[in-house]
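Report on the structure given below.
The values are calculated or read from the model by the stated rules, or taken from the named source; none is laboratory data. If you're wondering where the values come from, they're calculated on a predicted model, not measured in any experiment. Note that we place each Cβ from the backbone using ideal geometry, even for glycine, and neighbour counts take in every protein chain shown. Please note that ligands, DNA and RNA were not included when accessible areas were found on the heavy atoms of the full protein model with its side chains. Shrake-Rupley method; radii C 1.70, N 1.55, O 1.52, S 1.80 Å.
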Amino acid sequence: MVYRKNIYSGKFRPRNALKYRGDVANIVYRSGYELKFMNWCDLNESVIQWGSEEVVIPYRSPLDNRAHRYFVDFLIKIRNSNDKIEEYLIEVKPYRFTQEPKKPKRKTKNFINEVKQWGVNLAKWEAAEEYCADRNMKFKIITEKELGL
């Protein structure tokens, strides 16, 4: 038996490998939420094609004002109920990370780090929105609520 430090990270092996866009031998999930979403993409008949961390979007970080690269969690192509094909960029995050941190009575290191991460996330998501608008795609953030957890 192989023991891993983080049971919520590993390599995903799809049942429908032909639907995957990218290196099917190197599909990595970094959380239980991502694993659940990968299974949904793999098994959902509406999903025509999907990829994990296959799209890279440049963004400017508010922390250092320098250009960085945002590896979006997922790209999916679906056939909707009207038989039209739609493309989405999907970011999978815990719900609490999609909300601005609430200011506590005392500014702790944890709060300061959360504010920094919030600023970086907003910059990434704004860049993703622009990227999608230029390509007739949609950007969506998926949390445990959408995943049914």
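Kindly flag which residue pairs out of Lys77/Lys140; Lys77/Lys124; Lys36/Lys116 have an alpha-carbon separation exceeding 19 Å in this structure. Going by Cα-Cα distance, Lys77/Lys124; Lys36/Lys116 fall outside the 19 Å limit.
For Tyr131, the solvent-accessible surface computed with a 1.4 Å probe is close to 50 Å², ligands and nucleic acids excluded.
Residues Arg60, Arg96, sorted by accessible area with the largest first, give Arg96, Arg60 [1.4 Å probe; ligands and nucleic acids excluded].
Taking all protein chains in place and a 1.4 Å probe, what share, in percent, of the accessible surface of the chain do carbon and sulfur account for? Carbon and sulfur together cover 48 percent of it. Per-residue ellipticity at 222 nm from helix content only, as computed over the chain with -39500 (n - 2.57) for each DSSP H run of at least four residues, stands at -9000 deg cm²/dmol. Beta-bridge orientation, the chain: approximately 75 percent antiparallel, per DSSP, counting only bridges with both partners inside. Relative contact order of segment 34-149: 26 percent, from C-alpha pairs under 8 Å at least 6 residues apart in sequence. Report the net charge of residues surrounding Glu86, where surrounding means a beta-carbon distance below 14 angstrom and charges are Lys +1, Arg +1, Asp -1, Glu -1. Around Glu86, the charge tally is +4. The accessible area of Lys19, taken with all protein chains in place and a 1.4 Å probe, comes to roughly 30 Å². The alpha carbon gyration tensor of segment 78-118 gives principal lengths a ≥ b ≥ c with a/c of 1.5 or higher and a/b greater than b/c, which makes the shape prolate.
In the full protein context, the chain carries 69 Å² of accessible surface per residue, based on a 1.4 Å probe and ignoring ligands, DNA and RNA.
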